[in-house]
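Structure first, then comments.
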Amino acid sequence: MARKVCLVSYHEIALKGKNRRRFEEALLKNLRAALSGFPLSRLERFQGRILCVPKDEAQVEGIAETAAKVPGVARVAIAWRGGRSEEAFAEAAILAMRESEPFRTFKVHAKKSNTDYAEHTLDINRSVGAALCAAFPEKVVQMHHPDVTITVNVVGGESYVYGEGMRGAGGLPVGTAGKVVSLLSSGFDSPVASWMVGRRGACVCPVHFSGRPVTSDASEWLVQDILEALRPYGMVGRLYVVPFGEIQRRMALEGPPELRVILYRRAMVAIAERVAEIEGAKALVTGESLGQVASQTLDNIRATNDAVRSLPVLRPLIGSDKVEIIERAREIGTFELSSEKAPDCCTLFMPRRPETHARLEVVRRAWDALDPDALIDEGLSLLEYVDIEGCPGYKAPRALPTRHDALASAGWTPRGDGDREGSAR
């Protein structure tokens, strides 16, 4: 009797040579965390894949959908595991075909790995193909570019039969590229940028600059919801919140109006860099797209970067347009949340005519006039945090800022280190 299992495939990891085992172990660890809500009897490496065997077959679809979101997973297939006889192959193939509807054309592709099974793969193709033609007379065999390929994989004393499966997130396992600090707003761009870097193996620690106390804390709650949407991807370790409204108000009063946006951005990246030092992160991440708004021209990006002392600033969306960004937001599940409006620091004290091509020496003079060291220290003194569960690759830093009690009281609980070492300043 064939039983349902889940086969997880990875592509890029297989090219890692001597480092491959480390990446496979990281992917296994992340899958265990993502699938912790499903009772499994087995989760292990299996012939260049990962085999998930559920205790309850009824949950295999949920397991497959959850596993597909984990970075590093290229494809997920629901397979029928059975014996290695013609009858077993045919039974499992018929079940796999039924679950692949709707389609018109198909072919059979047999493979053998580490087995003493004598029958040639061409013979398996013929026998299984004949059984499928008899069971589905309305379907047509097509060897090139069929709608569905039924794979029969004979491994050891068992066989695994499956159809096309579903596409995974791809990329590399979270935790294999170290930490990054992402500047996260409640808009479309920065959640997508954070996801894209997380998909390349980075553990993401977002920093949200709230308009509080000048505005409400609505954007903080919206960002919390966005991170909840990103939770299944297992890439977010800790959310930092900076109540930035009062600092921003003073900057607006003391700085040149046309340079306000650039000065705000310089303060944000400078504070984010200090957070990265706390976390031991290796880069900053922003959601900037070239030319999208006034602060994202090449001149203004250069003027912003100038406030960062040593870390690289990654901009995954720099060559993307808004349509592409929104499509990705829909795909990862943040679009609806980012469509909601919440007052935050981005809407505060905006000039009528922002500078689009700032001269670096002018920006530096305006920046120095604001006493940037004191400004950054003040931002760090206000820093709060919320731990986001579900990122097994995240390790909390020893030096912790203030816990965000309001959000934590609604169910966001800091890790044990936070209860022991975090304290209000």
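Considering only residues that are assigned to a loop (DSSP other than H, G, I, E, B) and of a type in the set (Asp, Glu), look in the range 91-146 and name the one that is nearest to the chain's Cα centre (by Cα). Across the range 91-146, the extreme among qualifying residues is Glu101.
Of all residues in the range 100-122, those being within 24 Å of His145 (Cβ to Cβ) and surrounded by fewer than 13 Cβ atoms within 10 Å (Cβ to Cβ) number 4. Phe89 versus (1) closer than 30 Å to Val140 by Cβ; (2) out of contact with any Ser or Thr (no Cβ under 8 Å at 6 or more places or on another chain); (3) aromatic (Phe, Trp, Tyr): which is the lone unmet condition? Failing condition for Phe89: (2). For the range 9-27, a residue qualifies if it is touching a Leu at 6+ places or on another chain (Cβ under 7 Å) and buried (at least 17 other Cβ atoms within 10 Å of the Cβ), and the qualifying residues are Tyr10, Ile13, Phe23. Put simply, of Met251, Met196 the only residue that is modelled with pLDDT of 95 or more and out of contact with any strand residue (DSSP E or B) (no Cβ under 6 Å at 6 or more places or on another chain) is Met196.
Results for (1) farther than 20 Å from Ala329 by Cα; (2) aromatic (Phe, Trp, Tyr); (3) assigned by TED's automatic domain parsing to the domain that holds Gly201; (4) touching a Phe, Trp or Tyr at 6+ places or on another chain (Cβ under 7 Å), shown as yes or no for each residue.
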residue: Glu220; (1), (2), (3), (4): no, no, yes, no
residue: Leu227; (1), (2), (3), (4): no, no, yes, no
residue: Tyr233; (1), (2), (3), (4): no, yes, yes, yes
residue: Val236; (1), (2), (3), (4): no, no, yes, no
residue: Val242; (1), (2), (3), (4): yes, no, yes, yes
residue: Glu254; (1), (2), (3), (4): yes, no, yes, no
residue: Ala270; (1), (2), (3), (4): yes, no, yes, no
residue: Ala283; (1), (2), (3), (4): yes, no, yes, no
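Considering the range 226-307, the qualifying helices (runs of 4 or more DSSP H), each wholly inside and each with 1 or more residues that are of a type in the set (Ser, Thr, Tyr) and in contact (Cβ under 8 Å) with a residue 40 or more places away in the chain, run over 260-279, 298-305. Scoring Lys341 on the criteria (1) under 21 Å from Val241 (Cβ atoms); (2) among the charged types (D, E, K, R); (3) surrounded by 13 or more Cβ atoms within 10 Å (Cβ to Cβ) leaves a single failure, condition (3). Contact map, the range 180-209: residues that are at positive phi and touching a residue at least 24 places away in the same chain (Cβ under 8 Å) paired with residues that are surrounded by fewer than 24 Cβ atoms within 10 Å (Cβ to Cβ) and in a strand (DSSP E or B), Cβ distance under 6 Å, separation 6+ or inter-chain. Pairs shown: Gly201/Leu172.
Of all residues in the range 57-74, those satisfying the criterion of being surrounded by fewer than 24 Cβ atoms within 10 Å (Cβ to Cβ) and closer than 19 Å to Ala26 by Cβ are Thr66, Ala68, Lys69, Ala74.
If you scan the range 160-191, which residues turn out to be of a type in the set (A, V, I, L, M) and not in a loop (DSSP other than H, G, I, E, B)? Listed by number, the residues that qualify are Val161, Met166, Leu172, Val180, Val181, Leu183. Would you check if there is a residue in the range 63-81 being of a type in the set (Gly, Ala, Ser), within 26 Å of Val128 (Cβ to Cβ) and in contact with an Asp or Glu (Cβ under 8 Å, 6 or more places away or on another chain)? Yes, that holds for at least one residue.
When you check Leu172 against the structure, is it among the hydrophobic types (A, V, I, L, M, F, W, C), within 37 Å of the chain's Cα centre (by Cα) and not assigned by TED's automatic domain parsing to the domain that holds Ala58, yes or no? Yes; evaluated as a whole, the condition is true for this residue.
Let me confirm something: among Leu311, Leu337, which residue is in the same structural domain as Arg266 (by TED's automatic domain parsing) and touching a strand residue (DSSP E or B) at 6+ places or on another chain (Cβ under 7 Å)? Every option except Leu311 fails the conditions. In the range 5-23, the residues that are within 12 Å of Pro173 (Cβ to Cβ) reach residues that are among the β-branched types (Val, Ile, Thr) and assigned to a strand (DSSP E or B) with C-beta atoms within less than 9 angstrom, at least six apart or across chains, in these pairs: Val8/Ile50; Val8/Val76; Tyr10/Ile50.
Among the residues of the range 136-176, those that are aliphatic (A, V, I, L, M) and surrounded by 15 or more Cβ atoms within 10 Å (Cβ to Cβ) comprise Val148, Ile150, Val152, Val154, Val155, Val161, Ala169, Leu172, Val174. The residues of the range 40-57 that are under 14 Å from Leu7 (Cβ atoms) and not aliphatic (A, V, I, L, M), listed by number, are Arg42, Glu44, Arg45, Phe46, Gln47, Gly48, Arg49, Cys52, Pro54. Restricting attention to the range 190-213, the residues that are more than 14 Å from Leu230 (Cβ to Cβ) and not small (Gly, Ala, Ser) total 5.
Taking the range 368-383 as the range and being surrounded by 15 or more Cβ atoms within 10 Å (Cβ to Cβ) and either of a type in the set (D, E, K, R) or not in a helix (DSSP H, G or I) (or both) as the test, the residues that pass are Leu370, Glu378, Leu382, Leu383.
Return the pairs, sorted by first residue and then second, in which the second residue is in a strand (DSSP E or B) and among the β-branched types (Val, Ile, Thr), the first residue lies in the range 43-59 and is on the phi > 0 side of the Ramachandran plot, the beta carbons are less than 8 Å apart, and the residues are 6+ apart or on different chains. Close Cβ pairs satisfying both conditions: Gln47/Val155.
The values are calculated or read from the model by the stated rules, or taken from the named source; none is laboratory data. These figures come from a predicted structure and were not determined experimentally. Glycine gets a Cβ as well: all are built from the backbone with ideal geometry, and neighbour counts include every protein chain shown.
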